[in-house]
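First up is the structure itself, then whatever we jot down about it.
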């Protein structure tokens, strides 16, 4: 199967109501919060597209945590496997997978699904987030796997900066996660670009430096110009056949928007900047998948403000996606 972005004939929404990779509960209701925002705006967005609801492992939240440095890793692996299969099936049927997830651990499943569909294509990743999410069980101070999807996707344990002794059972599941979809790394470090990362731990900082990862921080984007920074990043990924955009709502300023996300961080982007960033990437005509994550209405201090803002972004970028990729509803 050859891959042509413009040949995709429809958008398919993949709903992944899982929050078991996070440290706080509630992001499993993020999809509902976004849908309620659409309803309250009298927008029939969610009636316009086919969708699939991914089965979850959310009941595992009642189980006692046995793996302190990789909490619920077995359940997270099975959840990522389901997301991987849903994304792969969407791409195989030439539908554009628009993934809306709870916590960010799902991104490993999404990336793995893209590579399962196109194992011989080079994948570039735009990671729009306040966090680097490049931990492994060996380096994570919290053990929450929503901080590890890129560590698994890169297939890099960062052993040089380990702080944890990991059980054999966790190691086995972690190895399974690194080989999800296709065996081995899903992308190369030079094909990963961060936008907005500003809250990291020392093992991540050392790993980012060692791998020479590029992070466009908020102040740089505003100082140099959004278009310049995005175009520069696209040039960095020019050898990639396709691009995946992962948008964590905590990339936005929690003081400006709301605290309706699991790990809010101040001094982030506003929603208009996010729309412009994502739209400019979409206009490259290389985007094969887009994902929204980490809306948590239980933590929102302004009603459903985060859900409303996420929907504003979703609606705006979908219009660009439809126009640019010539997708028919």
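None of the figures in this text is laboratory data; all of them are computed from the coordinates on show. Bear in mind the structure is a predicted one, so any value in this text is a computation, not a measurement. Note that we place each Cβ from the backbone using ideal geometry, even for glycine, and neighbour counts take in every protein chain shown.
For this structure, a couple of remarks:
- Meets criteria (crowded, with 24+ Cβ neighbours inside 10 Å, out of contact with any helix residue (DSSP H, G or I) (no Cβ under 6 Å at 6 or more places or on another chain) and under 16 Å from residue 72 (Cα atoms)) for residue 135: no
- Residue in the stretch 264-272 that is buried (at least 23 other Cβ atoms within 10 Å of the Cβ) and under 22 Å from residue 233 (Cα atoms) present: yes
- Restricted to the stretch 313-329, and to residues there that are part of a helix (DSSP H, G or I) and in contact (Cβ under 8 Å) with a residue 60 or more places away in the chain, the residue that is surrounded by the most Cβ atoms within 10 Å (Cβ to Cβ) is 314.
- From 221, 230, residue being surrounded by 23 or more Cβ atoms within 10 Å (Cβ to Cβ), assigned to a helix (DSSP H, G or I) and out of contact with any strand residue (DSSP E or B) (no Cβ under 6 Å at 6 or more places or on another chain): 230
- Taken as a whole, the structure leaves residue 208 outside the set of residues that are under 20 Å from residue 101 (Cα atoms) and part of a helix (DSSP H, G or I).
- Residues of the stretch 288-312 satisfying the condition of being surrounded by fewer than 21 Cβ atoms within 10 Å (Cβ to Cβ) and in contact with a strand residue (DSSP E or B) (Cβ under 8 Å, 6 or more places away or on another chain): 299
- Within the stretch 9-29, tally of residues that are more than 21 Å from residue 88 (Cα to Cα), in contact with a helix residue (DSSP H, G or I) (Cβ under 7 Å, 6 or more places away or on another chain) and crowded, with 24+ Cβ neighbours inside 10 Å: 4
- Among the numbered conditions (1) more than 23 Å from residue 309 (Cα to Cα); (2) touching a helix residue (DSSP H, G or I) at 6+ places or on another chain (Cβ under 6 Å); (3) surrounded by 23 or more Cβ atoms within 10 Å (Cβ to Cβ), the only one that residue 258 does not meet is (1).
- Evaluating residue 147 against the criteria (1) more than 16 Å from residue 205 (Cα to Cα); (2) surrounded by 21 or more Cβ atoms within 10 Å (Cβ to Cβ); (3) without any contact (Cβ under 8 Å) to a residue 60 or more places away in the chain; (4) out of contact with any helix residue (DSSP H, G or I) (no Cβ under 8 Å at 6 or more places or on another chain) leaves one unmet condition, (1).
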